[in-house]
Amino acid sequence: MKKSVNSQQSTVSALLALGLCGVLVAGGCRGWQSEDPPVHLNWNMDTQEKGKAYRRSTLFSDGRYMRTPPAGTVAQGWLKDDDHAALGVVEHKNEDGSVVVVPATSLPPGFVGGDAAVRRGQQRYGIYCSPCHGMAGDGGGTVAPRLTVKPPSFHDARLKEMPAGKIYQAILNGVNDGNMGSYAAQISQEDRWNVILYVRALQKSKDPSVTIGGTNVVVNSSDPPEKKGEALFKAKGCNACHSLDGTRIVGPSFQALFGKTEKTDKGEFAVDDAFLKESMQTPTAKITDGFPPVMPVVGLSDDDIASLIAFIKTVK
C-alpha cells in the first residue's frame, strides 16, 4: 500500500516537473527569430484583405493603393456650397450695376440662433478667444501683454460696426498675415456664427444700439477719389492700425501725416505721394521709428492707392 502511494507521488512530481519545463521552454522561446509564420489560433478579424495607404497593391498597375480622388470629388459634409454660411460673404450690387462680393451683414439663412447658440458661443469664446481678447471682450486677455500687436477691444466703435461676415472671416482665415491665426480647425462653421452671436451680446451689454449684422462699407467707383479713399480706409481695415485724430494705435496716425518728415530705419523722408505708395505696396521698405514692422501687404489696385492718398491728404 505504501509502495503504491509513493508511486503515485512520483508520477505527480514527474508531471509537475514536465509541465514546469514546458512553461520554461515556451517562455524562453519568446523573442527568438524564426522564418516560420507565427501560430495564430483564432484569426477573427485581426488580419483582413484590405488596402492601406502605403501597402503594396496587386490590384493597380502602378502597385499603389494610395489613389488620387477623381476630379470634382467632395468629401461628405465638405461641399460648402453656401458662401454666406461657409465664407461669410454675399454678393452686392453697386449703384453702377456692378456686382461685388462683400462681408455679410446678417446671419446665414437656416441658422437657428437663440439662447442656446449664445451659450454655445460663450463656451467656444472662453476656450479660444478669451486668452487674447479677454472674458469681457476688452482686449485684456492673459496673453495680450506678451503680444507685439495688442488685440483690440470688441467695444471699440470699429468692431461694433464691423460686419458679422468680416468677424467670421477673421475666425476662418486669421488676421494680418498670422498676427491672429486661423481658428478654422478648432472652431466649426456653426460655432463661428455662435461665437459672433456671443460677441454681439458682449457689445450690446454696453451699447444696446449694436446690431448683429453690423454695417458694411461699400466703395462706389463713381465717388470722388477722397470719398472713395475714406470708404477704403474702413473697408480694407486701415482704421484698425491708423487713427485719424492723432491717437497712437499700431501704426502712425493719418492726422496731418501728409507733408511731414518721418524718421525711418532708412533715414528721414518726406511723406509725399511716392512715400505713401511705397508704404502701401511694400510695407517693410521703410519702417517708421517707434512702430513695429507688422503691416501686411494689402491687395490694393493703383486706383485704390491713389484714392487712399487723396483721403490722407484731407486728414488735418
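The values are calculated or read from the model by the stated rules, or taken from the named source; none is laboratory data. Everything numeric in this text was worked out from a predicted model, so none of it was measured. Cβ atoms come from the backbone with ideal geometry, glycine included; neighbour counts cover every protein chain shown. All accessible areas refer to the heavy atoms of the entire protein, side chains included, with ligands and DNA or RNA removed. Shrake-Rupley method; radii C 1.70, N 1.55, O 1.52, S 1.80 Å.
Here are a few things to note about the model shown:
- Residue count for the range 160-198, restricted to those that are open to solvent by 50 Å² or more (accessible area, probe 1.4 Å), at negative phi and part of a loop (DSSP other than H, G, I, E, B): 6.
Rundown of residues vs (1) touching a His at 6+ places or on another chain (Cβ under 8 Å); (2) surrounded by fewer than 18 Cβ atoms within 10 Å (Cβ to Cβ); (3) free of Cβ contacts under 8 Å to residues at least 24 places away in the same chain, yes/no style:
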{"residue": "GLN48", "(1), (2), (3)": "no, yes, yes"}
{"residue": "TYR54", "(1), (2), (3)": "no, yes, yes"}
{"residue": "HIS92", "(1), (2), (3)": "no, yes, no"}
{"residue": "GLU95", "(1), (2), (3)": "no, yes, no"}
{"residue": "VAL99", "(1), (2), (3)": "yes, yes, yes"}
{"residue": "ALA104", "(1), (2), (3)": "yes, no, no"}
{"residue": "MET135", "(1), (2), (3)": "no, yes, yes"}
{"residue": "PRO145", "(1), (2), (3)": "no, yes, yes"}
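Okay, residues lined up against (1) under 20 Å from VAL217 (Cα atoms); (2) of a type in the set (S, T, N, Q):
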site	(1), (2)
CYS129	no, no
VAL143	no, no
PRO151	no, no
GLU161	yes, no
LYS166	yes, no
SER188	no, yes
LEU197	no, no
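- Of the residues making up the range 108-124, those that are hydrophobic (A, V, I, L, M, F, W, C) and open to solvent by less than 50 Å² (accessible area, probe 1.4 Å) are PHE111, ALA117, VAL118.
- Filtered residue count, the range 181-212, keeping only those that are over 21 Å from the mean Cα position of the chain (by Cα) and closer than 30 Å to GLY77 by Cβ: 2
- Where GLU268 falls short, out of the listed (1) crowded, with 18+ Cβ neighbours inside 10 Å; (2) not in a helix (DSSP H, G or I): (1)
- The set of residues in the range 301-316 being of a type outside the set (Ser, Thr, Tyr), open to solvent by 40 Å² or more (accessible area, probe 1.4 Å) and assigned to a loop (DSSP other than H, G, I, E, B) consists of LYS316 alone.
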